[in-house]
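Participant: My questions all concern the structure below.
The values are calculated or read from the model by the stated rules, or taken from the named source; none is laboratory data. Since we're looking at a predicted model, the values are computed, not measured. Please note: Cβ atoms are built from the backbone with ideal geometry, for glycine as well, and neighbour counts cover all protein chains shown. We work out accessible area using only protein heavy atoms, side chains counted, and drop any ligands, DNA or RNA first. Shrake-Rupley method; radii C 1.70, N 1.55, O 1.52, S 1.80 Å.
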Amino acid sequence: LSILIVDDDQTSLMILSRVLGARYKVSTAKSFQEALTISSSLPPNSLDLLISDMGLPDRHGSELLKELQSSGQACIQGIGLSGYGREEDIQRTLSAGYA
């Protein structure tokens with residue numbers, strides 16, 4: 001399983017990476033753009049899971065799953081992380097394909 005974790009919070013990124021990296025192949029990014037750069041260096045369709053914060057500094061994380069899929073990474077699933085709890089934020093994340 002190949003996982004890309006995207007979060008601008010260094011502590012969250014480190015914890016998720018350590019926990020999941022013990023069992024899976026994990027790549028990390030701190031921004032939307034960095035996630036695209038990392039993804040472009042991977043073979044097409046090699047990314048299995050995207051775990052992304054929604055509140056990224058350069059673009060909203062809800063757009064990332066679709067962007068990666070359109071660039072040749074057919075992610076099986078996306079898990080969205082957010083501190084936002086408004087109904088519109090939840091719907092935006094779910095409609096983008098995140099669980």
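Participant: May I ask you to say which residue of SER52, SER62 is touching a strand residue (DSSP E or B) at 6+ places or on another chain (Cβ under 8 Å) and assigned to a helix (DSSP H, G or I)?
Facilitator: SER62
Participant: Now for a separate question. Every residue in segment 65-80 that is within 10 Å of the chain's Cα centre (by Cα) and part of a helix (DSSP H, G or I), please.
Facilitator: LEU65, LEU68, listed by residue number.
Participant: When only residues in segment 52-64 that are closer than 13 Å to GLY97 by Cβ and among the aliphatic types (A, V, I, L, M) count, which is farthest from the chain's Cα centre (by Cα)?
Facilitator: Taking the candidates together, the pick is MET54.
Participant: If you check SER41, SER70, SER27, which single one turns out to be on the phi < 0 side of the Ramachandran plot, in contact (Cβ under 8 Å) with a residue 24 or more places away in the chain and among the hydroxyl-bearing types (Ser, Thr, Tyr)?
Facilitator: Residue meeting the stated conditions: SER27.
Participant: If GLY83 passes every condition in (1) modelled with pLDDT under 85; (2) exposed (fewer than 12 other Cβ atoms within 10 Å of the Cβ); (3) part of a helix (DSSP H, G or I) but one, which one does it miss?
Facilitator: Exception for GLY83: condition (3).
Participant: A further question on this structure: Identify, by number, the condition in (1) in a helix (DSSP H, G or I); (2) open to solvent by 20 Å² or more (accessible area, probe 1.4 Å); (3) closer than 16 Å to LYS66 by Cβ that SER17 doesn't meet.
Facilitator: With (1) in a helix (DSSP H, G or I); (2) open to solvent by 20 Å² or more (accessible area, probe 1.4 Å); (3) closer than 16 Å to LYS66 by Cβ applied to SER17, the lone miss is (3).
Participant: State yes or no: is GLU88 without any contact (Cβ under 8 Å) to a residue 12 or more places away in the chain and either out of contact with any strand residue (DSSP E or B) (no Cβ under 9 Å at 6 or more places or on another chain) or assigned to a helix (DSSP H, G or I) (or both)?
Facilitator: yes
Participant: Yes or no: segment 60-73 includes at least one residue that is among the aliphatic types (A, V, I, L, M) and open to solvent by 20 Å² or more (accessible area, probe 1.4 Å). Don't jump to the end; show me each part of the working.
Facilitator: Taking segment 60-73 as the starting set, the residues that turn out to be among the aliphatic types (A, V, I, L, M) are 64-65, 68.
After this cut, where a residue has to be open to solvent by 20 Å² or more (accessible area, probe 1.4 Å) as well, the list is none.
No.
Participant: Moving on. Quick one: is LEU47 crowded, with 18+ Cβ neighbours inside 10 Å and not in a helix (DSSP H, G or I)?
Facilitator: Values: crowded, with 18+ Cβ neighbours inside 10 Å: yes; not in a helix (DSSP H, G or I): yes.
For LEU47, the condition - crowded, with 18+ Cβ neighbours inside 10 Å and not in a helix (DSSP H, G or I) - is met.
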